[in-house]
Every structure is written in C-alpha cells, then in structure tokens.
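What follows draws every value from the coordinates through simple rules; no lab data is involved. For clarity, every value in this text was computed on a predicted model and none was experimentally measured. Cβ atoms come from the backbone with ideal geometry, glycine included; neighbour counts cover every protein chain shown.
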Amino acid sequence: MSNEGPSGSPHRPDRGSPPRRSDRGLPRRRASSSLEDLGEVERRPRTARRAGLRNSSGTSVLAALILLTLVGATAFAIFLHGRSDLSAARPPAPAAYAFVFVVDGMAAADVSSITTPNIAHLAKQGISYPSAWVGQAESSSLASNASIGTGLFPSNDGVVGWQWSSPHSAQVVAPASPTQVQLGSLDQVMQSHSRDSLSSRVKSRYPNDHVVSISGSQCGVADAAGTWTADYVLCPRRQSKEWLPGSVTGHAPPLALLNSPGLAVPVLRGRALGAVTERWQVGTQDDWVARCALAVLAREKPRLTILNFPEIEQVLRFAPSRNDGDIRRGLLRGVDRDIGRVVAATRVNGTFDRSVFVITSDQALASVAQRLQKSRIADAILGAGGEQTYLASDMSAAAGVRDPLQVAPVAAALRSVDRGNIDIVFRKVRTHGREGYRAEALRSLSNGFIAAESDVVGTMASVTSPDIVLVYSPGVSTFGVHASRLPEQNGGMGMQWPNLHIPFILAGHGIVQGATSRYPARLVDLAPTLTALMHLATGSPDGLVLADALYQPPAGSVMRQENESRHSSPLVRALQERSGH
C-alpha cells in the first residue's frame, strides 16, 4: 500500500491519542422497558477497600484522600485499558446470532439530524462511533459490502469496484453485473482472493445453521456481503410487471420461502421519482428487504443475517433539491421502522437475548456543488496517447488504460484538465514487486491530507485496481444526469470526508451499553468484531476487533486498537479539515 506524496517520499502520519472509552467505568445501564435487555453481561460487583483515615490528624486525612484519589484514578485507567479481572465473574457466553443493517448512502449526519427512535434506542443500548468512516477506496456499495463480509480491503478481497481490467487481457471485467452474478462470477472472484469470510467462519462453527444476505434489486451487493458461503442470497427480480422474490444461483432458499405472501410488488411506471430511479414506489424497496427478512425469521433462526437497504443511494442521488429533506427523512424513518420490525421479530423467535445488532452504511452521499465534464477526462486520456479500457466516475474517478507504459503520460495530461476541481492525481506504480500509487497534488494541500488520501487509495492497490485515480475537490462530481435526464444532486464514490463519514453502531449481547468511542471505526473492523463476539475461528483480516465495544475483548485487541488509532486518527482529522468539518 502506497503512502507516497507528490515527490514520491512516504508520509508518516503523526501519532494521535488512543481511543477513548466513554462511560466505561460507570455502572452499566439496563435497557428500558421499550426494548428489552440487549444481552447485558452479568458483572461481579466491585468492592472498594475502606481507607483507615485517622481523625486525629487533618494532614493524614488529606494525604490519605490524595492517595485514594491517585489509586482510584489508576484503577480506573487499568479498567479502561488493561481490562483486568474486574470483568465479569465468568466469561460471557458467545453471541449466538448477528444482524447487520447496511443503509446504502446514509451519512453519519443523517442519523444525528433525523428522528429515528429504533436506531437511537439501539445506540443508547450499545456503543456508537461518531468518527467512523468507510476507510477505503472505492467507497461504493459493492466494494464496501465485500469488505463488510470479509474484513478485507479491496486489494485483498478482489472487489476493487463495479468493474476493472483483467491483468492478462486488459478486457473489462464486471462480475457484479446481473448476468455474471447469476453465473457465480462474483463468488469466484471473492473466494479466489479471500479464501475466508465472516460467513465461512459462521458456517465452520454452525454447519447446520444458515447465513442469509438480502438486498434490493442489485443482487451483487447481497452476494458480496454474504460471500460465496452464504446459504441464502435474496433479492427481488423483475418479471414483466412485478417484482418477485429471487435468489442468486447457488444460494437459493426453499421454494416455500420465495412464495411467502406480500413479496410480490408491482413495477412502478410513469414519471414519478421512484418510477424513473428505481421502478419502485419510494420506500417500498427498503420495505421489501425487511419483509423478506421477516419471512426468513418466521421459519428459522439464521446465525448471520445481513440486510442492505438501497433506496437512499438510489433515490436521493436525483431527488430535486427542494424535496431532498422530506424524501431523506421519509426514507430514513422507513428504514428505522424496518429495523425495529426485524428486532421485534428476534424477540418472537427467541433469538433476541443472544443477538448482536450492527447499523452502518456502505458509503455516504454528499451534496454536489460543482460538475466536471466526464468527457474532459476521456479526451485528456486519448490526447496523451492512452487507450482507455474503462472510466468510472462520480465524486472521484477511476480509469484503466490498456498499456502500463501509458499510465505516466496519461497522469501528466490529467493534471492539466481542471486544477480547480481536482485535488490529487494518483497513478499506479509497481515497486519491489507490489502495486502502489504515487500522488501528484494539483494545489497546495497539507501533507496530512495527501497522506490520508494515499492511505485510502492504497487499500485497493492490486494488479486489477485502476491505473489512474482522481481525487476531486469537495463537492465536485462528474456523474452528470440520469437516463431520465434528472440531474444528480447527491453523489457517491467520493474520497473526501463527506462521502467517507458513516454511522457505526453496535448493540446487543456482549456489547457495552451507553458508550461513545472516538476511535475512527472502519468497515473492515466489522467482521473481526463479530468474529470475536461469536467466538468464531479467527482469520487474517485487514480490520481489527473493536475492543472498546466488548465487555471482554480478546487478549491483545485493546493494544492493537490503540496502535491503529495512533495511525488513523491523524488521517481522519486531515480529511475533516480539507472538507471544513
């Protein structure tokens, strides 16, 4: 992974502060009656030794008080950072079930600014990460869900975007297209690269139980999250005038489940926003995902359930700015109700007390303030003698060229395309037998910001990753217009903080309650954390266990999280500063 700046010299981020464990020394609050106890672990009472204060000497009393204060502070620090035997009287039983709610396109600000009682209650019952971020490139629903399912960066799970060039033929590969997903192409890519996933670890421990992944009409997203080991990968398929329940080849449920009532929905036609952006009435596609999950939970108890709600990303991209707020609130409140229904279903089927719940997003949509014509990028590539194999763009751009010798001249040409709207041009280089990226900054930028973007783009550096990556300035997009001629109002796939800043909430069995962490959690941290909570066999993920979320984290995990915080916290601060946050 490259951390090179404009001159090719490595940037070493400053050391930051370790993650803060808010409220970790306070008594654990039990859940309110509106949401039963989320698996609170029984803890051994902490007994304080009574100090023998001598009343005959005020000086002695004062000295003893000071000593007690110092001892108490030290004990508190040990409790936070060392996790000594002040923990539970017995190790908690592992979480037996996990539910991951991925709200495509939801930004962290959406959760804090819109009333969502179910999400808020889960946050209150668990731990939230206000500085959480995608933590990688490409920040798209496909690549992010692959990282959720594996705990690996795109460079290691093989999913570097919706398309890439084959290193052998330079032909464009798109394994997540509807046809290729059904042929098993995405499964093959991920299995050959990853060889291990959250689903495979669950299946290794519980071979007779099921892993379920459900999404909207982009079946590749559910397939990426569930990976090749998921039992059921479910998504709606269009048949004439209806959306019907469908599945990915090799991941089909019993026919009776597909025939569950209420899962056939009319295809929406006309000129309404939902009709032109998704062919669903706004809100009903997210609702379909929840109803499909409820149909599964009514019949069995999956060990791992991953739900991807697609509509914020699909609809808000093109929602008129005058209606953006109302549509955003309506969609998010609908997702909140859907999450509440699924959580309620776990009470009914008896899995609630030993379940862990995760709420996050795979990317954040950001408002588009300035447009850069995509044709200008394509023309610059051609003018430099490059032969473009693909050009993917939205709030950043990624391009492949046929000949590696074309990469340097193409990058040089792109530096002159639009200096006002492009921050950094990255070109892929190969050094010491490994792929990386070299940054060429187009404006005066802080070394911290260049290091941060180098770190982000480095997470996809591989033989199949883009030859050229353009980091746009905040608010810039090249997506253009929808096929219906609706202009894009909110964009994704960006590498600036507004596109990377996502919600991240954990609650349930084995999770601390009422806590907030300053650690910048990443999507790759999700799988290792669930692995630890469920006491599964560990793999070799790029992410780490969120030790400050667990009552009893694995040995060494606290130190690893603190070390990663020292690396990533300065990067996050640099990204925030560039975007004015």
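Which of the trypsin sites (Lys or Arg not before Pro) across the stretch 172-219 are loop residues per DSSP, with 15 or fewer other Cβ within 10 Å?
Listed in order of number, the matching sites are R195.
Assuming a ≥ b ≥ c are the square roots of the Cα gyration tensor eigenvalues, decide whether the stretch 171-283 counts as rounded (a/c under 1.5), prolate (otherwise, with a/b larger than b/c) or oblate.
oblate
Which part of the stretch 410-438 falls in the paramagnetic zone of L382, meaning amide N under 20 Å from the point 7 Å along Cα-to-beta-carbon?
410-418
Using a cut-off of 18 Å between alpha-carbon atoms, which lysines can reach K301, once sequence neighbours fewer than 8 places away in the same chain are excluded?
K203
Quickly rank 296-305, 491-500 as a protection proxy: mean count of other C-beta atoms within 10 Å, highest first.
Packing proxy ranking, top to bottom: 491-500, 296-305.
Translational diffusion coefficient, Stokes-Einstein: compute it for the stretch 266-387 using the Kirkwood radius over C-alpha pairs as Rh, at 25 °C and 0.890 mPa s, and state it as an integer in µm² s⁻¹.
142 µm²/s
Rank these for me by crowding, I306, I339, going from fewest to most other beta carbons within 10 Å.
Final ranking by Cβ density, sparse to dense: I339, I306.
With the dipole of the stretch 123-270 worked out from charges on the C-beta (+1 for Lys and Arg, -1 for Asp and Glu) around the Cα centre, which of P167, A123, N145 lies farthest toward the positive end?
Highest projection toward the positive end goes to A123.
Normalised radius of gyration for the stretch 398-506, please: alpha carbon Rg relative to 2.2 N^0.38 Å, two decimal places.
Dividing the Cα Rg of the stretch 398-506 by 2.2 N^0.38 Å gives 1.16.
What do you get for Rg/Rh over the stretch 531-581 if you use C-alpha atoms and the Kirkwood form of Rh?
1.10
Taking a quarter of the surface of the Cα convex hull of the stretch 157-236, what do you get in nm²?
5.3 nm²
Considering the zone a paramagnetic label at R205 would reach in this model (a point 7 Å from Cα along the Cα-to-Cβ line), which residues of the stretch 512-539 have amide N under 20 Å from it?
Under 20 Å, as judged by backbone N against the label point of R205, lie 512-513, 524-539 of the stretch 512-539.
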